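Below is one structure; the comments refer to it alone.
The values are calculated or read from the model by the stated rules, or taken from the named source; none is laboratory data. For clarity, every value in this text was computed on a predicted model and none was experimentally measured. Here the Cβ positions follow ideal geometry from the backbone for every residue, glycine too, while neighbour counts run over all protein chains shown.
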Amino acid sequence: MFLLCESRCRTPANNLRVRLGDYNLRAHTEQLAHEEYGVRRKVVNEAYNPATYQNDIALLELNQEITFREHIIPICLPQKGQNFTGEKATATGWGRTQYGISTSPGVLQKVDVEVIDSDECQKWMKSVGRRENIFPNMMCAGYKDGGRDSCQGDSGSPLSLKEEGKTTLIGLVSWGVGCARPNLPGVYTRISEFVDWIQIHTS
């Protein structure tokens, strides 16, 4: 069984623990209990570039099968090359709720953001003097006026789209400039560009 995450975690696989089904990190007991798993191996994308965040994706193979429950369920992969521009997607995570603050929420947060055309996103960023590139394997999501975004501590968290009764993983939180700033939406790894890579390493 595999999980997807971003490439930057340097912890060796045998020192990693994965917690599934958690909601409140500070609660000792919850109605639906979380489960913990060890990691057998970690596969970081061979072309990951830490300078540009290209190919910011990795796989974690768990050391045992997952027992699925009502709050621990798999997520679908998109079709190869599928484009989600204009769709409203949901980012979730335990990252900061405001840029620069030192504390993170205990309860899982979510925010709805719009997937932005990459050329448009690049124009927005250049309009405020940014030189970062939005590569084809990246995806921007947010709003021109800012206000809603993923933030520090959310890296590797999912950007998902729910339609026709199924939830699809379309992005992973990768990088951004501050949080929720005008013309600076969050940037995500575009999962539809990595479907072949995922299938090769999980088969």
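A search for C-beta distances below 7 Å between a residue of the stretch 161-172 that is under 11 Å from Glu87 (Cα atoms) and any residue that is at pLDDT 95 or above and of a type in the set (Asp, Glu), counting only pairs 6+ apart in sequence or on different chains, returns Leu161/Glu87. Scanning the stretch 102-161 for residues that are closer than 19 Å to Asp22 by Cα and part of a strand (DSSP E or B) returns Val107, Gln109, Lys110, Val111, Pro158, Leu159, Ser160. Being in contact with a helix residue (DSSP H, G or I) (Cβ under 6 Å, 6 or more places away or on another chain) and β-branched (Val, Ile, Thr), is that true of even one residue in the stretch 131-153? There is at least one residue in the stretch 131-153 that is in contact with a helix residue (DSSP H, G or I) (Cβ under 6 Å, 6 or more places away or on another chain) and β-branched (Val, Ile, Thr).
When His34 is tested against the conditions (1) under 17 Å from Ser157 (Cβ atoms); (2) modelled with pLDDT of 95 or more; (3) not assigned by TED's automatic domain parsing to the domain that holds Gly171, the lone failure is (2). Scanning the stretch 54-71 for residues that are surrounded by 15 or more Cβ atoms within 10 Å (Cβ to Cβ) and closer than 22 Å to Thr168 by Cβ yields Asn55, Asp56, Ile57, Ala58, Leu59, Leu60, Glu61, Leu62, Ile66, His71. Gly146 satisfies every condition listed in (1) of a type outside the set (Phe, Trp, Tyr); (2) in contact with a Lys or Arg (Cβ under 9 Å, 6 or more places away or on another chain); (3) crowded, with 16+ Cβ neighbours inside 10 Å except (3).
So Gly129 ticks every box in (1) surrounded by fewer than 13 Cβ atoms within 10 Å (Cβ to Cβ); (2) in the same structural domain as Thr167 (by TED's automatic domain parsing); (3) at pLDDT below 95; (4) not hydroxyl-bearing (Ser, Thr, Tyr) but one. Which box is left unticked? The single condition Gly129 does not satisfy is (3). Where strands (runs of 3 or more DSSP E) sit wholly within the stretch 1-79, those with at least 3 residues that are within 22 Å of Ser160 (Cα to Cα) and in contact (Cβ under 8 Å) with a residue 40 or more places away in the chain occupy 2-5, 58-62. Taking the criterion of being acidic (Asp, Glu), surrounded by 13 or more Cβ atoms within 10 Å (Cβ to Cβ) and in contact with a Lys or Arg (Cβ under 7 Å, 6 or more places away or on another chain), the only residue of the stretch 99-126 that qualifies is Glu114. Of all residues in the stretch 80-106, those satisfying the criterion of being among the small types (Gly, Ala, Ser) and farther than 27 Å from Glu163 by Cβ are Gly100, Ser102, Ser104, Gly106.
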